[in-house]
Structure formats: C-alpha cells, structure tokens
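As structure tokens, the structure follows; a few thoughts come after it.
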C-alpha cells in the first residue's frame, strides 16, 4: 500500500467527508491521519468550519414581502 | 386528501408533503401550502440569491420575484426535477440577471466571472502550496496548529462575523455551493441538479470554499491564541 502525502490528503478531504473515496484510497487516507498530526488537525478544522457555517443564523422574508406574496398568490389563484 | 405527508428524506428542514401533493395544492389555490413553502424555502433562497447580488435588499427582491415566477410556472411544472430544485433554479436565474444588471449600473463593480472559480484557492498560511496551481487542488497549509478553543466554544458572534465576511469574498459559484451544502444541508446530488454541474465540479467548488473559510478561521483563531501564550 503506497503511503499518502499531505498534498494528496488535503485534496481528498472533501471527497472523504462525502464518503466518496473508494475503499483503498479511504484506507490510505485514514492511515495518513495516524501518522501525520498536522493533517489530523486540518481535518478536524475542516469539520469545525463546516459545523460553524451550518450554525450561521438564517433570516426569512420580511413580513411585508411575505404579505405581498400571499396576496399575489390569492390574485393568481383567482385567475 | 392524502393521508400522511411524506417526509422529504433528501435533506433537513421542515417536513413538506411529496412534490405531487404540493404542486396539486398550489394549483388548487391552497394558500396554507404556499405559506408553508415560503417559510421552508425562503431562507435558503435568500442566502443563495445573496451570492449574486449586492445586498440583502436586492436578495429580498430577487426571492419575491422568484416566487412570483414559481406561481406563473407551476401549471407547466412537469416534475422532471424535484420541485425544490426547480424553484432554486428560478431564484438563481433571477439573481444572476439582477447581479449582472446591477453591476452594469454601478461603476467600479467588477462582474464575477467563471474565471474566479479557477483561481488558486486561498488558504492563507500556505506557502507550501505556492508552486501548485492545478485546478482541483487547494493550497496545502503550513502544518496546521490546533485552534485554541474546543470546538463547542467557538460559537462567538465574532466567529460568525468572520465567516460572513469570508463568504462575501468567495466567487459566486463557490458561495452558492457552500451555502446549499453546509448552510442548508442539501445533498451533493441535489446541489448538482440545482446548478446543473457535475459531481466533480461541485466537489471542487465546495472544497475551495471550505478551505478558504478554514483559512479565515485559522487566521482569526490563531491570532487569538497568540494573545494568550499557552506555555
């Protein structure tokens, strides 16, 4: 089994997280984590980043826009 | 009436009935159903629109306009894609048009071009990656140093502000992909369908966007730790 270097590891992080690596590449990927502290940290940081992006507050339409659209819906359905 | 609404198993969010039920309800003038769709999908639509237009107000306009477009088109909707995918395509089309028109009228505003998607991904602190320019690679960071705060504690408003700002500097296509994947939690399949791009392209865009935001957080959090020497 060939070893994986850090460049290849970084390139494959997203595919790894999407579970799109084939079994062999996945083994090399996880094997690299065991021997490279930096890439272990990198992977954790990517996970934290993804989680933090997911926690950004989302807003919805303003009440006014919503009212406008509901009114547009009533007009449209009365067509 | 159908008995039980089918859960949308594709991704998180409020449970809506299956597409055929929703479409039929809209065609029959079911205002509650329309209201439920507005509640469920508008936040994601606003975030997506924001990738193409200058500010929140423009995004709000675009989303309103898109919903009117949905009503105009729903009678002809043929379910060749998921309803949500079709709705997102409408909002993205309108947002792109609005973004281009706004850029034309505002001097000094540069148009986002596809070229930006292929600039080397920014992962600051990565001189090791300097020699690499391949389209599908992200600059290798310097040996990453663990962030000072445990994962659960970096919820500070400041972190959110840094992320928001970093999102604002991403090329539109990267921003749309990370918005749909990581903010809205949609599957890669759905994102590919919405944007009509390949899985490989979707992954490159997501990869670059995440690497860029990680770089932003790294700069911020590493600077924070620099203020308080740990040893």
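Tabulated data for the structure shown
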{"quantity": "Given (1) surrounded by 13 or more Cβ atoms within 10 Å (Cβ to Cβ); (2) modelled with pLDDT under 95; (3) more than 13 Å from chain A (Cβ to nearest Cβ), index of the condition residue B:136 fails", "calculated": "(3)"}
{"quantity": "All helices (runs of 4 or more DSSP H) inside region A:20-79 with 3 or more residues being out of contact with any helix residue (DSSP H, G or I) (no Cβ under 8 Å at 6 or more places or on another chain) and surrounded by 13 or more Cβ atoms within 10 Å (Cβ to Cβ)", "calculated": "A:23-35"}
{"quantity": "Where residue B:186 falls short, out of the listed (1) at the interface with chain A (Cβ under 8 Å from one of its Cβ atoms); (2) in contact (Cβ under 8 Å) with a residue 12 or more places away in the chain", "calculated": "(1)"}
{"quantity": "Conditions (1) in contact with a helix residue (DSSP H, G or I) (Cβ under 9 Å, 6 or more places away or on another chain); (2) in a helix (DSSP H, G or I); (3) more than 9 Å from chain B (Cβ to nearest Cβ); (4) surrounded by fewer than 17 Cβ atoms within 10 Å (Cβ to Cβ): number failed by residue A:3", "calculated": "(2)"}
{"quantity": "Failed item in (1) more than 19 Å from residue B:90 (Cα to Cα); (2) more than 9 Å from every other protein chain (Cβ to nearest Cβ); (3) surrounded by 23 or more Cβ atoms within 10 Å (Cβ to Cβ), with residue B:204 passing the rest", "calculated": "(2)"}
{"quantity": "Yes/no for residue B:190 being on the phi > 0 side of the Ramachandran plot and at pLDDT 95 or above", "calculated": "no"}
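One line per residue, one yes/no per condition, for (1) buried (at least 21 other Cβ atoms within 10 Å of the Cβ); (2) modelled with pLDDT of 95 or more; (3) not assigned by TED's automatic domain parsing to the domain that holds residue B:164:
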residue	(1), (2), (3)
B:4	no, no, yes
B:31	no, yes, yes
B:69	no, yes, yes
B:76	no, no, yes
B:87	yes, yes, yes
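The values are calculated or read from the model by the stated rules, or taken from the named source; none is laboratory data. Every value quoted in this text rests on a predicted model; they were computed, and no experiment measured them. Note: ideal-geometry Cβ built from the backbone for every residue, glycine included; neighbour counts use all protein chains shown.
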